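The values are calculated or read from the model by the stated rules, or taken from the named source; none is laboratory data. All figures in this text were calculated on a predicted structure; none of them were measured in a lab. Cβ placement follows ideal geometry from the backbone for every residue including glycine, while neighbour counts extend to all protein chains displayed.
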Amino acid sequence: DGTLTTVVNAAGVAPQGLAIDPRDARDQLFFTDVLGRRVRMLNADGSTAIVAGTGSAGTRGEGGPATAAALIAPWQLAFDPAGNLYVADTLRLLKIDTHGTITKIVDVTANGVAVDSTGILYAASTGLSKITPDGIVHPVTATAVGCSAPTTVVANSVLLDRAGNLYVLTFAMLQQISPDGKLTTLAGAGPNLFTGDGGPAASATFAAPAGIAFDRAGRLYVADTGNNRVRAIDATGTVRTIAGDGAPTYDQDPACLADNDSFLSNPQAVAVDAAGNVYIADTGKNRRST
């Protein structure tokens, strides 16, 4: 309903990535805790349960229970249709199956992860890679509109829609890669700034956006990290701020605006449940909001 509510607020927790189990009618929310080196689940009563990680840094425990395994620094999460959870653990991609067993998919630099219905994985961390079921890592290339030669795609976050389009975030832009490899810039074709609300996303600017998510109506939500906001792009291509309005933008001095609990601070990820509630990893304030 447009009201920002804190659902988790714990000192020492640094939420970074969000994912909702697609098989669970309760819209069970999972999130990464980078400082705690864990993946956690949010229960209906507001408590959290550990899904993976012991709190120690490392790679011990592959092939066993996820709760007894060490993690390096978990960033983003993604579910496949069968309910397997994939973790971008900085230097590797991990899979937690529905029985809670954790296995390594491949060693690859990864802050972002997405998976399609055929089991192909995408890993994002400055560059974008595709990992086929045989475990081979392929750099993703695409051809920009107006160009004839393909180029390597730069991305720090990645998302797939049902039609097979890839959505990638760079340090200022939101881009789409069609299944036939066409690259289109949807928003942020400019410097790190806060502009364009109420108008076409193609003319708007963002600042270090870090997370993206769709709702069931096809609206695209962007964690505009450097502007301390979450912004939505509707089906007509219009962009607007839905949360965080009031905190400093990228080109403002934070000292000139008083802090407020309703403000966001460096939000890193978003997720949307079946009812349309938007969950925000409010990383700078060590909390989850909805």
request  = Please tell me if Arg92 is over 16 Å from the mean Cα position of the chain (by Cα), modelled with pLDDT of 95 or more and buried (at least 18 other Cβ atoms within 10 Å of the Cβ).
outcome  = yes
key: Filtered residue count, segment 171-195, keeping only those that are in contact (Cβ under 8 Å) with a residue 40 or more places away in the chain, in contact with a strand residue (DSSP E or B) (Cβ under 6 Å, 6 or more places away or on another chain) and more than 20 Å from Leu160 (Cβ to Cβ)   = 1
request  = Return only the number of the condition from (1) of a type in the set (A, V, I, L, M, F, W, C); (2) in contact (Cβ under 8 Å) with a residue 40 or more places away in the chain; (3) touching an Asp or Glu at 6+ places or on another chain (Cβ under 6 Å) that Ile72 does not satisfy.
outcome  = (2)
task = Find all pairs meeting these conditions: Cβ atoms under 6 angstrom apart; at least six residues apart or on different chains; first residue within segment 124-144 and closer than 16 Å to Gly112 by Cβ; second residue in a strand (DSSP E or B) and of a type in the set (Phe, Trp, Tyr).
result = Lys130/Tyr122
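If you take just the strands (runs of 3 or more DSSP E) that sit entirely in segment 162-261, which of them hold at least 1 residues that are surrounded by 14 or more Cβ atoms within 10 Å (Cβ to Cβ) and over 15 Å from the mean Cα position of the chain (by Cα)?
Values: elements: 166-169, 174-177, 182-187, 211-214, 220-224, 229-233, 239-243.
Because the criterion is at least 1 residues that are surrounded by 14 or more Cβ atoms within 10 Å (Cβ to Cβ) and over 15 Å from the mean Cα position of the chain (by Cα), the strands (runs of 3 or more DSSP E) in segment 162-261 that meet it are 174-177, 182-187, 229-233, 239-243.
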